[in-house]
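Worksheet: the structure to be examined is printed underneath.
The values are calculated or read from the model by the stated rules, or taken from the named source; none is laboratory data. Here the structure is a predicted model, which means the values were calculated and not measured. Positions of Cβ are backbone-derived with ideal geometry, glycine not excepted, and every protein chain shown enters the neighbour counts. Just the protein is used for accessible areas: all its heavy atoms, side chains included, with ligands, DNA and RNA removed. Shrake-Rupley method; radii C 1.70, N 1.55, O 1.52, S 1.80 Å.
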Amino acid sequence: MARHPFGGPWTQLKLSILRDYLNFFTKALKGKGFTLHYADAFAGTGHQSLKATKGQDPMFPIEDLDGSAQIALNIEPPFHKYHLNDLSNEHYNALNELVSKYPTRDCRVTRLDGNEFVKQFCQSLSSNDRAIVFIDPYSTELHWDTLKHVANSQRIDLWLLFPISALLRMTPNDPDRLDESWVRKIDLLLGTSEWKEALYKPKPTPIISDMFGEIEAPGMERLNVEEVAQFVRSRLGEEFAYVAKPATLYAKGTPLFLFMFAVSNRVRVAQALAERVSTHILRKYQRRR
Ligand SMILES: C[S@@+](CC[C@H](N)C(=O)[O-])C[C@H]1O[C@@H](n2cnc3c(N)ncnc32)[C@H](O)[C@@H]1O
């Protein structure tokens, strides 16, 4: 089996949230006449191999944990169709090996760029379909415009891992230190070239200013982490009917990712149910860091 060490303790937190929501989704929509799809754009291998840590006893057993694809395949009642995608050849092969162990599940494995996969998947849906799309990149591989396909479908609930640590790294506190080579990447990540105006604000004016000289303009500084997270949430809110307050995933106290949930369905009853359940699940796990 291909080893795939990634993530950290926050990974299992994220996957627990996903598992709870998948469980709810297939139960709630069972027998309602819909075809239920699970689409995983950055599916990995189906397993999270634990990383060996420095000084660890070499006899210490290293067990693989279930990754998103395996979790989804184990959901009961099952989805009608599984769409598993990963760009890595090794991971694509591992996914094929994984689905061969589930002969009763209807699975399609692809090796596309995640953005192209999501676009094609959204275009393939018809009115009777309902889906969950899980987008779980390592970092900044997802382009914001891809999310527009999900939002426009009006039949997909989205779980998205947003790399807030990468965004914070690319946008230093002092805007004069912005590295021009990151600009295009940030444009793609946020789907706008106007992020600089949104992410930077004037520094507070000092209470005691120089009484004898000219008062210098206070200059600009980047929003704090919570404000940046709020900006990302509001961007998603421009596309989707409902966006939950994200779960922030931390490593050693540092925010790494926002785990975000959004509903594309504009039907109020469907939205309200998804909102209630996702809020309950996110709150349950938000207390654990
Ligand atoms: C964080 S891992 C996914 C983990 C998986 N969701 C799980 O829970 O087991 C990210 C995956 O994205 C894949 N990947 C990286 N760039 C990609 C791209 N542009 N399109 C699709 N997959 C990509 C990597 O090969 C890797 O398997």
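Assorted remarks:
- Accessible area of W159 in the full protein assembly, 1.4 Å probe (Å², nearest 10): 0
- Candidate lysines - alpha carbon under 16 Å from K101, same-chain residues fewer than 8 apart omitted: K81
- Among T205, T192, T279, residue whose mean-square fluctuation peaks in a GNM of the chain (springs only between Cα atoms under 10 Å): T205
- Environment charge of F42, counting only residues whose C-beta is closer than 15 Å and scoring Lys/Arg +1, Asp/Glu -1: -4
- Note on the range 1-138: the alpha carbon radius of gyration divided by the globular reference 2.2 N^0.38 Å gives 1.09.
- Distance between the pseudo-spin-label points of S139 and K203 (7 Å out from Cα toward the beta carbon): 2.9 nm.
- Which listed pairs, of K119/K252; K27/K245; K14/K252, have C-alpha distances above 27 Å, in listed order: K119/K252
- As computed over the chain, the Cα convex hull volume per residue (Å³): 169
- Comparing G31, G191, G46 in a Gaussian network model of the chain, where Cα atoms under 10 Å apart are tied by springs, the biggest mean-square fluctuation is seen for G31.
- The 3J(HN,Hα) values that the Karplus relation (6.51, -1.76, 1.60; θ = phi - 60°) gives for the range 190-203 are, in residue order, 9, x, 8, 9, 9, 5, 4, 5, 7, 8, 10, 9, x, 5 Hz. Gly and Pro appear as x.
- Anisotropy class of the range 150-289 from Cα gyration tensor, a/c 1.5 cut: prolate
- Fully extending the segment from K185 to D64 would add 40.3 nm, taking 0.36 nm per residue of separation and subtracting the current Cα-Cα distance.
- Residues listed by number, the range 15-43, amide nitrogen under 12 Å from N74 label point at 7 Å toward C-beta: 16, 19-20
- Considering the range 80-163 at the alpha-carbon level, its Rg and Dmax are found to be 13.1, 35 Å.
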